[in-house]
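Worksheet: the structure to be examined is printed underneath.
The values are calculated or read from the model by the stated rules, or taken from the named source; none is laboratory data. No experiment lies behind these values; they were computed from the predicted model shown. With ideal geometry, Cβ positions are generated from the backbone for all residues, glycine too; neighbour counts draw on all protein chains shown.
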Amino acid sequence: MPKSIKFKTNWDYSPAPESTSHIRLKKKYELFINGKFILPIENKYFETINPANEEVIAEVALASKKDIDKAVQSAKNAYEKVWSKISPQEKGKYIFRIARMIQERAREFAVVESLNGGKPIRESRDIDIPLAANHFFYYAGWADKLKYAFPNKSPKSIGVCGQIIPWNFPLLMAAWKIAPALACGNTVVLKPAETTPLTAMLLAEIIQESELPDGVVNIVNGGGETGAEIVKHKNVDKIAFTGSTEVGKIIQTIIADTNKKLTLELGGKAAQIVFDDAPIDQAVEGIINGIFFNQGHVCCAGSRLYVQESIYEIFIRKLIDRMETLIVGNPLDKNTDIGAINSKPQLDKINYYLKIGQTEGAEIFQTNCAIPKKGYWCKPTLFLHTSQSHRIIQEEIFGPVLAVQTFRTIDEAIEKANNTPYGLSAGIWTDKGSKIFHLAKKLRAGVIWANTFNKFDPSSPFGGYKESGFGREGGIHGLTSYLNL
Amino acid sequence: MKFNILNQFAIDKIGVDERVARFSSRSIKSKSKVEGLKLALSMIDLTTLEGSDTIGKVRQLCFKAMHLHDAMANLPTVAAVCVYPAMVRYAKHELKNTNIKVASVATAFPSGQSSTKIIIEETKLAVGEGADEVDMVISRGKFLAGEYEFVSDEIKTIKDICGKIHLKVILETGELDSLDMIRHASILAMQSGADFIKTSTGKIQPASTMQFTLVMLEAIRDYFYSTGKIIGMKPAGGISNSKTALQYLVMLKETLGEDWMTPKLFRFGASRLANDILMQLVKEEKGNYQSLDYFSKD
Amino acid sequence: MKRLEVLKTYKLFINGEFPRTESGRYLQLKNKSGKLIANISSASRKDFRNSVVAARNAFDNWSNRTPFNRGQIIYRIAEMLEGRKSQFVEEIMSLGISKHTALKEIDNAIDFTIYIAGWCDKYQQIISSVNPVSTSHFNFSFAEPMGVVGIISDNNSPFGFLRLMLSVIAGGNCAIVVANEKYPNVAISFSEVLQTSDLPKGVVNILTAKKNELPQHIATHLDVNAIVIATNNDKELSEIKRSSSVNVKRVISVSETELNILSPDLILSTQEIKTTWHPIGI
């Protein structure tokens, strides 16, 4: 084979930093309870940093058991005395206001999201923030239309919802939780992830400015202990959790002898299947986005690749070509494709798996990109020649690491794709329509992307099979878990 | 026989749109902007292909090609001027002491609706008048009717006449039904002897788009991987401002890399682009927004 | 000396612009005591014909927008309406309605607009289906807009036309509205709201006219796909239905009571249903 393409060129992209001078961030954030920012009872705070340079951005109040009590009580009061008495259409109008205000402050949100979480500004600006605003818009419209979503039923709200969200899409996850909960007439106590509290705090400011009645949404910060207090609290009627399968199982056990409603959105190890009749260059792009979008910190990331053996060589070459053009670096640079890993523990976990993969005998490939000295970074990585029994094929790594295998027949691909306790998503790449529908029928996953990947829309239900969780977020189906039908 | 990617034409348009959007979201600033703009300038084929062209018009175009904006030092020249066969000798005369090439269209440009006999004669005329490069059109009618061998034979015939003179094959992407068809035509053209593949005549809408160009660049890459041959690419028409030109360069860099970032292998078929690039270069140097009044036309 | 007011000229709203009627005719709008409020354009069949051309030209673009985008635009109509509340209250009051009632009318109109905005990206979900056919096929049905819809408003409420029109365009159709003779000033001022709402030109066209002049031209126009008519008059309805048969035009009649209910029915009744089959299998 002739020599390869040289992606290192004399023409480099100069730094193109997003301006941060216009954002308004406080040095300290208190708990948002009952419509106000109040001091934590035990006067405990924790620091939140920028993972790209490890610098402290702000201090955030840590909610103790007593603070959670207060928050739940204010949510309960607001539910019984205020929110349930407001007409559905008026409820919708509050949610429309929140959506609009997010749009108006979109750039600020995007910058803070990248600063606090490490994701590239291009992603927070073009994907996270617009999707979050759109989610509020979509559900705002359902508030006064619930009877149409469930004909012959009289949908009723549940009460107080305890919601715990992860660090990979902080604002978007807050939107996915709060919007449907409010539209269905419930009130909320939300706990953002420990490493990414800031955009939720800005959202709390917007909630204040929207004049949403006090206590309808409460936002409290903390770690696993704070989350446990919310889950255990007797006045929380419904729990919504997005995070690791491990913690999801713990929550399921904790509330086993209660009547609390529960939805879980957990981990995944999605398979992407590429057939030899796929639109190949677009499939390459889809695989790249599937695993390197958001540094691979995505529950539905396409972290396993099954390529039909006949096109293996050319496909891997193109995959590597594309990886050579990915820029790892400062999340606030507009040209950055892969940002910082969210935290030191997460980086350690990824590196742990990189070691295991090599020990297990898979062939590792990483590009020769430059990475900054400070901060948490991982180069985009391929593991070639893996097999089903490798730990890097079975276990969720949650980083920019793709494990690759070949397959020969359709049935083999289906079997291998389903051979996992997870079932969140899957990708199918082929030009043949009937093959797409056949595979869509056979793959045991809650979201199937055909000739595309990582596509989200407020109207499109999202959620998993098996240990990836239960319940759906988005669309009409996303309403069911916030209603008593 | 091994799987041959040159037999694979399936393209997903939405996927192409998404890849193009990524190129367009690249932010090219300061030093890279100036370097990129100068590179783009050096890749322009300054073009006049009007029914109303005269010797005088062509002379003025050639002068502009040689003196883009004398007020600014260290500017590259454009790569070539592109004219009808009847104007080749006059362009050659004006440009005789420069490195600027004279490209001539041929083969019943722009429609391609003529007999093989006539397009052969026209090519011989262009070559005889001294053209350094020939831009031919394919027979879109024949291609859409599935007569691929006919189209291939025409290209081979014209290439034979050109000999060492480099041949660009215009696909007229705006008339080809789908991206799949553009890939097919690209591969067919390269297999038939094209030195460059070119998007369009610039005479119909749409002319060049980033989507068409991306599909063709990826076809060139596959051809290179399969055969080792290095083919050039020219998007023509529809690239009227610097921002767009820089996005094309991003696309070129991230698809074909360093070896193709040269006027030897990449050209812009454009007329208004040059002045827009000059305005941007002066703005980068001086710091204030410019006006077309300060840059010579033609 | 009291400052002299600049009186507004009420023209038609066609293709995003405000032309006068090509016929040059006018209707006099007078208040309860007989004083002239305004000379309103009296639209002709040619104005109607031009509106159909505008609506047809706008249809491709409007129907291909994402439902979310249509919802955003209709929400903006509500924002603009809210901002101009006092103007509308004044115009309605000038026709002898009490301030209390006028306020109620405009508040209901704004809230209705928001209601419909919220349906744009949802009605598809309550009417579409994946059909469980007995062969190995993926079979799905979904709604598509009919095209160009003529709307004949009721004669009783200032904003009745708005309710009809918003439902029709929420589903991706383009509309020509014949405003009612009683409140033509409200209809034309509303056109100003449309113009500032990011609504593409031609999607909605509003004609003020003598009540009985245009309906037959609408019913017989071959390039109009459907008529929505708000009426309690059986004779009027029969005539429309009879004339509409010329191109199997869909006729959707809306009663007065229906006008005041919040529901997606009129969005759904101006949609076609398309069913597609595709094999499942290797």
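Test residue A:208 against the stated conditions and say whether it is farther than 30 Å from residue A:101 by Cα, assigned to a helix (DSSP H, G or I) and among the polar types (S, T, N, Q).
Details: farther than 30 Å from residue A:101 by Cα: no; assigned to a helix (DSSP H, G or I): yes; among the polar types (S, T, N, Q): yes.
For residue A:208, the condition - farther than 30 Å from residue A:101 by Cα, assigned to a helix (DSSP H, G or I) and among the polar types (S, T, N, Q) - is not met.
Go through C:233, C:185 for me and flag whichever is closer than 25 Å to residue C:93 by Cβ and more than 15 Å from the chain's Cα centre (by Cα).
Going through C:233, C:185 in turn, just one is closer than 25 Å to residue C:93 by Cβ and more than 15 Å from the chain's Cα centre (by Cα): C:185.
Kindly indicate which of C:219, C:230 is of a type in the set (A, V, I, L, M) and at pLDDT below 95. So that I can check it myself, show each step before the final result.
Details: C:219 fails: at pLDDT below 95.
Being of a type in the set (A, V, I, L, M) and at pLDDT below 95 holds for just one of C:219, C:230, which is C:230.
Quick one: which residue in C:199, C:194, C:207 is modelled with pLDDT of 95 or more, under 15 Å from the mean Cα position of the chain (by Cα), part of a helix (DSSP H, G or I) and within 23 Å of residue C:49 (Cα to Cα)?
On the way: C:199 fails: part of a helix (DSSP H, G or I); C:207 fails: part of a helix (DSSP H, G or I).
Step by step, each of C:199, C:194, C:207 is checked, and only C:194 is modelled with pLDDT of 95 or more, under 15 Å from the mean Cα position of the chain (by Cα), part of a helix (DSSP H, G or I) and within 23 Å of residue C:49 (Cα to Cα).
Consider only pairs whose beta carbons are under 8 Å apart and that are at least six residues apart or on different chains; among these, list those whose first residue lies in region A:18-47 and is over 21 Å from residue A:109 (Cα atoms) and whose second residue is exposed (fewer than 14 other Cβ atoms within 10 Å of the Cβ).
Pairs found: A:41/A:66; A:42/A:66; A:45/A:28.
Evaluate region C:76-86: report whether one residue or more is surrounded by 22 or more Cβ atoms within 10 Å (Cβ to Cβ) and within 10 Å of chain A (Cβ to nearest Cβ).
Yes, region C:76-86 contains at least one residue that is surrounded by 22 or more Cβ atoms within 10 Å (Cβ to Cβ) and within 10 Å of chain A (Cβ to nearest Cβ).
So, residue B:59, is that one touching an Asp or Glu at 6+ places or on another chain (Cβ under 8 Å), touching a residue at least 40 places away in the same chain (Cβ under 8 Å) and not hydrophobic (A, V, I, L, M, F, W, C) or not? It would help to see each step written out before you state the result.
Working: touching an Asp or Glu at 6+ places or on another chain (Cβ under 8 Å): yes; touching a residue at least 40 places away in the same chain (Cβ under 8 Å): no; not hydrophobic (A, V, I, L, M, F, W, C): yes.
The answer is no for residue B:59.
For residue B:43, indicate whether it is within 30 Å of residue B:287 (Cβ to Cβ) and more than 14 Å from chain A (Cβ to nearest Cβ). Walk me through it before giving the result.
Numbers: within 30 Å of residue B:287 (Cβ to Cβ): yes; more than 14 Å from chain A (Cβ to nearest Cβ): no.
It is false that residue B:43 is within 30 Å of residue B:287 (Cβ to Cβ) and more than 14 Å from chain A (Cβ to nearest Cβ).
For the subset of region B:19-32 comprising residues that are at the interface with chain A (Cβ under 7 Å from one of its Cβ atoms) and in a helix (DSSP H, G or I), which member is nearest to residue B:209 (Cα to Cα)?
Step one: list which residues in region B:19-32 are at the interface with chain A (Cβ under 7 Å from one of its Cβ atoms), which gives B:19, B:25-32.
Narrowing further to those that are in a helix (DSSP H, G or I): B:19, B:30-32.
On the way: B:19: 13, B:30: 26, B:31: 26, B:32: 23 Å.
The qualifying residue nearest to residue B:209 (Cα to Cα) is B:19.
Do we find that residue A:283 is at pLDDT 95 or above, buried (at least 24 other Cβ atoms within 10 Å of the Cβ) and either out of contact with any Cys (no Cβ under 9 Å at 6 or more places or on another chain) or more than 14 Å from chain B (Cβ to nearest Cβ) (or both) in this structure? Even if it seems obvious, please write down each step before you answer.
Details: at pLDDT 95 or above: yes; buried (at least 24 other Cβ atoms within 10 Å of the Cβ): yes; either out of contact with any Cys (no Cβ under 9 Å at 6 or more places or on another chain) or more than 14 Å from chain B (Cβ to nearest Cβ) (or both): yes.
When the stated conditions are applied, residue A:283 passes them.
So which of C:101, C:66 ends up being within 13 Å of another protein chain (Cβ to nearest Cβ), surrounded by fewer than 16 Cβ atoms within 10 Å (Cβ to Cβ) and among the hydroxyl-bearing types (Ser, Thr, Tyr)?
Numbers: C:101 fails: within 13 Å of another protein chain (Cβ to nearest Cβ).
Step by step, each of C:101, C:66 is checked, and only C:66 is within 13 Å of another protein chain (Cβ to nearest Cβ), surrounded by fewer than 16 Cβ atoms within 10 Å (Cβ to Cβ) and among the hydroxyl-bearing types (Ser, Thr, Tyr).
Can we say residue A:403 is within 25 Å of the chain's Cα centre (by Cα), away from every other protein chain (no Cβ under 14 Å) and of a type in the set (Gly, Ala, Ser)? Can you show your working first?
Numbers: within 25 Å of the chain's Cα centre (by Cα): yes; away from every other protein chain (no Cβ under 14 Å): yes; of a type in the set (Gly, Ala, Ser): yes.
Against the criterion (within 25 Å of the chain's Cα centre (by Cα), away from every other protein chain (no Cβ under 14 Å) and of a type in the set (Gly, Ala, Ser)), residue A:403 qualifies.
In region B:109-216, which strands (runs of 3 or more DSSP E) lie fully inside it and hold 3 or more residues that are in contact with a Leu (Cβ under 8 Å, 6 or more places away or on another chain)? I'd like the intermediate steps shown before the answer.
On the way: elements: B:133-137, B:166-170, B:196-198.
Correct list: B:133-137, B:196-198.
In region A:22-44, how many residues are outside any loop (DSSP other than H, G, I, E, B) and closer than 13 Å to residue A:57 by Cα?
Taking region A:22-44 first, the residues outside any loop (DSSP other than H, G, I, E, B) are A:28-29, A:31-33, A:36-38.
Of the ones still in play, those that are also closer than 13 Å to residue A:57 by Cα are A:28-29.
Selection size over region A:22-44: 2.
Among the residues of region A:130-140, are any away from chain C (no Cβ under 12 Å) and either in a loop (DSSP other than H, G, I, E, B) or surrounded by fewer than 22 Cβ atoms within 10 Å (Cβ to Cβ) (or both)?
Initially, region A:130-140 is screened for residues away from chain C (no Cβ under 12 Å), giving A:132.
Adding the requirement that they be either in a loop (DSSP other than H, G, I, E, B) or surrounded by fewer than 22 Cβ atoms within 10 Å (Cβ to Cβ) (or both) leaves none.
Looking for residues that are away from chain C (no Cβ under 12 Å) and either in a loop (DSSP other than H, G, I, E, B) or surrounded by fewer than 22 Cβ atoms within 10 Å (Cβ to Cβ) (or both), one finds none in region A:130-140, hence no.
Against the conditions (1) within 25 Å of the chain's Cα centre (by Cα); (2) within 24 Å of residue A:483 (Cα to Cα); (3) surrounded by fewer than 22 Cβ atoms within 10 Å (Cβ to Cβ), where does residue A:99 fall short? Just the number, please.
So the condition that residue A:99 fails would be (3).
Out of all the residues in region C:1-57, which are β-branched (Val, Ile, Thr) and within 23 Å of residue C:224 (Cβ to Cβ)? Before you say what the answer is, go through the steps one by one.
So the first thing to find is which residues in region C:1-57 are β-branched (Val, Ile, Thr), and the list is C:6, C:9, C:14, C:21, C:37, C:40, C:52-53.
Residues satisfying the conditions are C:14, C:21, C:52, C:53.
Name every residue in region A:395-427 that is closer than 16 Å to residue A:299 by Cβ, surrounded by fewer than 24 Cβ atoms within 10 Å (Cβ to Cβ) and polar (S, T, N, Q), in order of residue number.
Within region A:395-427, just A:420 meets the criteria.
For region B:234-278, which residues satisfy the criterion of being in contact with a helix residue (DSSP H, G or I) (Cβ under 7 Å, 6 or more places away or on another chain), away from chain A (no Cβ under 14 Å) and not polar (S, T, N, Q)?
Residues satisfying the conditions are B:235, B:239, B:268, B:273, B:274, B:276, B:277.
Residues to consider are A:411, A:457; find the one that is closer than 27 Å to residue A:133 by Cβ and among the acidic types (Asp, Glu). If you could, list the steps in order and put the result at the bottom.
Details: A:411 fails: closer than 27 Å to residue A:133 by Cβ.
Being closer than 27 Å to residue A:133 by Cβ and among the acidic types (Asp, Glu) holds for just one of A:411, A:457, which is A:457.
Can you find, within region A:290-308, the residue that is farthest from residue A:470 (Cα to Cα) among those that are buried (at least 24 other Cβ atoms within 10 Å of the Cβ) and within 14 Å of chain B (Cβ to nearest Cβ)?
Once the filter is applied, the top-ranked residue is A:307.
Being in contact (Cβ under 8 Å) with a residue 12 or more places away in the chain, touching a helix residue (DSSP H, G or I) at 6+ places or on another chain (Cβ under 7 Å) and within 11 Å of chain C (Cβ to nearest Cβ) is the filter here; which residues of region A:147-168 pass it?
Within region A:147-168, just A:149 meets the criteria.
Please pick out the residue among A:202, A:190 that is modelled with pLDDT of 95 or more, in a helix (DSSP H, G or I), within 24 Å of residue A:27 (Cα to Cα) and not charged (D, E, K, R).
Step by step, each of A:202, A:190 is checked, and only A:202 is modelled with pLDDT of 95 or more, in a helix (DSSP H, G or I), within 24 Å of residue A:27 (Cα to Cα) and not charged (D, E, K, R).
Looking at region A:321-337, can you tell me whether even one residue there is more than 11 Å from every other protein chain (Cβ to nearest Cβ), over 19 Å from residue A:454 (Cα atoms) and under 19 Å from the mean Cα position of the chain (by Cα)?
Filtering region A:321-337 down to residues more than 11 Å from every other protein chain (Cβ to nearest Cβ) leaves A:323, A:328-332.
Filter once more, so that each one left must be over 19 Å from residue A:454 (Cα atoms): A:328-332.
With under 19 Å from the mean Cα position of the chain (by Cα) added as a condition, the list becomes A:331.
Among the residues of region A:321-337, at least one is more than 11 Å from every other protein chain (Cβ to nearest Cβ), over 19 Å from residue A:454 (Cα atoms) and under 19 Å from the mean Cα position of the chain (by Cα), which makes the answer yes.
Do you know which of the residues in region B:1-13 that are more than 23 Å from the chain's Cα centre (by Cα) and facing another protein chain (nearest Cβ under 7 Å) is nearest to residue A:453 (Cα to Cα)? Walk me through how you get there before you give the answer.
Of the residues in region B:1-13, the ones more than 23 Å from the chain's Cα centre (by Cα) are B:1-5, B:7-8, B:10, B:12.
Now restrict to residues that are facing another protein chain (nearest Cβ under 7 Å): B:3, B:5, B:8, B:10, B:12.
On the way: B:3: 26, B:5: 23, B:8: 22, B:10: 18, B:12: 13 Å.
Of everything passing the filter in region B:1-13, B:12 is nearest to residue A:453 (Cα to Cα).
Would you point out the residue of region A:401-445, among those that are in contact with a Ser or Thr (Cβ under 6 Å, 6 or more places away or on another chain) and not aliphatic (A, V, I, L, M), that is farthest from residue A:245 (Cα to Cα)?
Among those residues, the one meeting the criterion is A:405.
Just checking, which of A:475, A:469, A:446, A:463 is away from every other protein chain (no Cβ under 11 Å), free of Cβ contacts under 8 Å to residues at least 40 places away in the same chain, under 27 Å from residue A:140 (Cβ atoms) and among the small types (Gly, Ala, Ser)? Working first, answer last.
Values: A:475 fails: away from every other protein chain (no Cβ under 11 Å); A:469 fails: free of Cβ contacts under 8 Å to residues at least 40 places away in the same chain; A:463 fails: free of Cβ contacts under 8 Å to residues at least 40 places away in the same chain.
Going through A:475, A:469, A:446, A:463 in turn, the sole match is A:446.
In region A:338-357, how many residues are buried (at least 21 other Cβ atoms within 10 Å of the Cβ) and not in a helix (DSSP H, G or I)?
Total meeting the criteria: 5.
Which numbered condition in (1) within 12 Å of another protein chain (Cβ to nearest Cβ); (2) surrounded by 21 or more Cβ atoms within 10 Å (Cβ to Cβ); (3) part of a helix (DSSP H, G or I) is the only one that residue C:106 fails?
(1)
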